[in-house]
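Q: Would you mind keeping the following structure in view while I ask a few things?
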Amino acid sequence: MASSIDQRFTIVGATPEQQAAIDTLAKQFLLSDERLGEIIKEFRRRMEEGLATDGKVLKMIPSYVTRRPLGTETGSYFAIDLGGTNLRVLKVTLDGHGGVTTEHQKFPLTEEAKNRTLFDFVAQCVDTFLDERDLRPSGQQPAISMGLTFSYPVQQTSINSGTLVQWTKGLNVPGCVGRDVVRLLQDALLRLGLRVKIVALVNDTVGTLLSAAYSDPAAQMGIIFGTGTNAAYYENVTNIAKWKGPNPSSGEMVLNMEWGAFDSDDFAFLPFTPHDIKLDRKSINPRKQAYEKMISGMYLGEIARNVILWLVDQRMLLDGRSSEVLNAMWSIDTSYLSAAVTDTSPDLSETRQVIEKTMDICNSTHVDRQIFKAIAILVGERSARLSAVGVVATLTKRADLMNKPITVGIDGSMYENYPSFDTILSETASHFIPQSQFRNIKFTLAKDGSGVGAAITAMLAATDDE
Ligand code: ADP
Ligand code: MG
């Protein structure tokens, strides 16, 4: 029997040609620590470049959030969380002891909303939420203040305004790039006659960080691993060379890194395979969001699909058969990869379900299923290890904080659900940070943090004395 260097990629019963193809994939997708170290170095260089000048690959956008919640604040605040897949409207109640309760309603983004009517759709959902709870203010009542989490790159111009830089993650609504997204939403709310005022605009990473900070004063960084990926962290204002605004009394500001764009200008450092290039070329944003496309939920299934078809076309998988489903772009959801990775049944029955039911291929062999699982492991592990690159680069940028407890709040379905994503990420990060500092770092799931954080920012905006 042919065998691979890494036992996990030895396919029992494979022909030598099949095993050689899997070994080729393993070589492409498995990244050595040495390779990751080089990417971390470049990531740091790109961070510095973005701190110095506007319009660089890592945009390092000042968020205008300069404070930290204390955890003792109380009251109820509202928020809208616009992600890549869902929209949520929330009422968040702060308990004064770092805890929150939320009441929320989830609305899947329709294709029409994603491509045309987004802001009217959002306004309609806000209306539904308030109406169903009898909260809609009448003419005499004061307007409801809401925070807006908006997870697309925005050049922030104040705590409640900012212009859209570009769409990402599959949204493509004409007439929005270059315009103030709060204005666009405020106008749509007005069209419905809704007495709602957007008082804070935050990126989802900034929201995640603030929600972690409400319960934990050591929170320093917020990350999203969901449809897309991005991160935010507290930076000393003196380190933000391009910042021309007033120096806040806290001396710090949250930066929205927009890290999904890393390496998009020259494609020089990330480990692009032909399968990544194919995805990029066919995406609605070619040559953009290169890092995001190797890491986040929207893309991993599609990378796997490209790999599968590459093998099918060489008759190395599924006896050379495909299906209408498998031929369609984006047809493999990243959650199918999760299912295969966790499948330890002797006949890989979960994986069989995915191949035969979801992908609509009649009959799969045990070899087919092992190969599918191997692909899922390779694509997922590369994502988790590359995620550690951004984490290490960002945390070591604030080396001044590393000798005290430091908390990283993380939200998103990839982090929550992809098997071992969290352990691979932290294990990989531990290889690049001295043990004495690494043990101070806590990675926590800031579930629904992006929305909760917008409500907290609305609270901070309401009590702002600066
Ligand atoms: P958003 O980015 O819109 O806030 P989420 O954090 O829920 O939304 O992320 C949605 C993404 O997570 C989708 O791309 C989906 O494919 C992926 N996803 C959902 N469930 C899983 C899972 N079990 N394993 C891996 N990825 C998943
Ligand atoms: Mg989200």
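Table: residues versus (1) surrounded by fewer than 16 Cβ atoms within 10 Å (Cβ to Cβ); (2) at pLDDT below 95; (3) within 16 Å of ligand 2 (Cβ to nearest atom); (4) among the basic types (K, R).
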site: Q19; (1), (2), (3), (4): no, no, no, no
site: D23; (1), (2), (3), (4): no, no, no, no
site: K27; (1), (2), (3), (4): yes, no, no, yes
site: L36; (1), (2), (3), (4): no, no, no, no
site: I39; (1), (2), (3), (4): no, no, no, no
site: G75; (1), (2), (3), (4): yes, yes, no, no
site: A79; (1), (2), (3), (4): no, no, yes, no
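Q: Enumerate the pairs (first residue in region 240-259 and without any contact (Cβ under 8 Å) to a residue 40 or more places away in the chain; second residue anywhere and surrounded by fewer than 24 Cβ atoms within 10 Å (Cβ to Cβ)) with beta-carbon separation below 7 Å, excluding pairs fewer than 6 apart on the same chain, so at least 6 apart or on different chains.
A: Matching pairs, first to second residue: N247/V237; G251/N236; G251/V237.
Q: So which of F78, F9, F29, F43 is touching a residue at least 40 places away in the same chain (Cβ under 8 Å), in contact with a strand residue (DSSP E or B) (Cβ under 9 Å, 6 or more places away or on another chain) and not β-branched (V, I, T)?
A: Testing whether each residue is touching a residue at least 40 places away in the same chain (Cβ under 8 Å), in contact with a strand residue (DSSP E or B) (Cβ under 9 Å, 6 or more places away or on another chain) and not β-branched (V, I, T) leaves just F78.
Q: So for region 443-453 (the condition being within 19 Å of the chain's Cα centre (by Cα), among the aromatic types (F, W, Y) and either away from ligand 1 (no atom under 16 Å from the Cβ) or not in a helix (DSSP H, G or I) (or both)), does at least one residue qualify?
A: yes
Q: How many residues, within region 451-466, are in contact (Cβ under 8 Å) with a residue 12 or more places away in the chain and more than 17 Å from T101 (Cβ to Cβ)?
A: Residues that pass the stated criteria total 7.
Q: Starting from region 326-340, take each residue that is closer than 15 Å to I295 by Cα and list its partners that are in a helix (DSSP H, G or I) and within 16 Å of ligand 2 (Cβ to nearest atom), counting only C-beta distances under 6 angstrom and pairs at least six apart or across chains.
A: Listed pairs, sorted by first residue: T334/G297; S338/N417.
Q: Tell me which strands (runs of 3 or more DSSP E) are completely within region 64-120 and hold 3 or more residues being of a type in the set (S, T, N, Q), or say none if there are none.
A: 100-108
Q: Here is a follow-up. Would you be able to say whether some residue in region 215-225 is under 13 Å from the mean Cα position of the chain (by Cα) and more than 18 Å from S383 (Cβ to Cβ)?
A: Looking through region 215-225, at least one residue is under 13 Å from the mean Cα position of the chain (by Cα) and more than 18 Å from S383 (Cβ to Cβ).
Q: What is the number of the single condition among (1) within 22 Å of K56 (Cβ to Cβ); (2) of a type outside the set (V, I, T); (3) over 21 Å from the mean Cα position of the chain (by Cα); (4) modelled with pLDDT under 95 that S145 does not meet?
A: (1)
The values are calculated or read from the model by the stated rules, or taken from the named source; none is laboratory data. As the structure is a prediction and not an experimental result, all values here were calculated from the model. When we count neighbours, we look across all protein chains shown, and the Cβ atoms used for this are built from the backbone with ideal geometry, even at glycine.
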